[in-house]
Amino acid sequence: MVAQGIPEETGYILFLFAATIALVIVVRIVISPKDPRPTPEKRAPFESGQISSGAGRTRFIIQYYPYILMFVVYDVIAMFLFAWALNLRALGAAGTLPILVFMLVALPPLAYALHLANRRENW
């Protein structure tokens with residue numbers, strides 16, 4: 001039974017959201033460690049029997065980070081183009097115009113990124 005004034009889909013979405021939150025809380029309670037008196041040795045970082053050395057914090061070199069983001073974005077674009085190409089005959093001209101607009105929006109940033117990648121001072 002759905003409350004009056006709330007569409008059924010909204011009720012389902014709210015139920016799924018609440019069930020997900022409840023599941024996360026229950027799983028966290030069930031699998032969390034329950035050591036009443038942890039010693040410093042138990043709290044120390046541990047990996048494969050090796051005693052840790054150093055602070056454990058390293059700085060990441062983000063030199064290639066923009067290129068990784070570009071790869072992910074254009075990988076998603078390739079998925080859209082693949083789905084469009086599979087249905088090209090069924091879509092006809094009505095499906096080609098939106099893809100052309102999509103490509104006109106998506107390709108200039110790629111061209112600019114390739115232009116920046118070709119400059120030596122960025123490396």
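FYI, it's all coordinate maths here, none of it is from the lab. Please read these numbers as outputs of a predicted model, since none were measured by experiment. Heads up, the Cβs are rebuilt from the backbone with ideal geometry, glycines too, and the neighbour counts pull from every protein chain shown.
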Trypsin sites (Lys or Arg not before Pro) in segment 58-123 lying in a DSSP loop, each with at most 16 other Cβ atoms within 10 Å of its Cβ, come to Arg59, Arg119
Please give me the summed charge of the neighbours of Pro36: other residues whose Cβ is under 14 Å from its Cβ, Lys and Arg +1, Asp and Glu -1.
+3
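At R0 = 41 Å, how high is the FRET efficiency between Asp35 and Phe15 if r is their beta carbon distance? Nearest 0.05 is fine.
Numbers: r = 36 Å, r/R0 = 0.87.
FRET efficiency, Asp35 to Phe15: 0.70.
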Apply 1/(1 + (r/R0)^6) to the Cβ-Cβ distance of Phe60 and Leu97, taking R0 = 41 Å, and write down the FRET efficiency to the nearest 0.05.
0.45
Express in nm, to one decimal, how much length is gained between Ala117 and Ala22 on full extension, taking 0.36 nm for each residue of separation and deducting their alpha carbon distance.
29.5 nm
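Going from the alpha-carbon gyration tensor of segment 65-122, what semi-axes, largest first and in whole Å, does one get by taking the root of 5 times each eigenvalue?
Calculated on Cα positions only, the semi-axes equal 29, 12, 7 Å.
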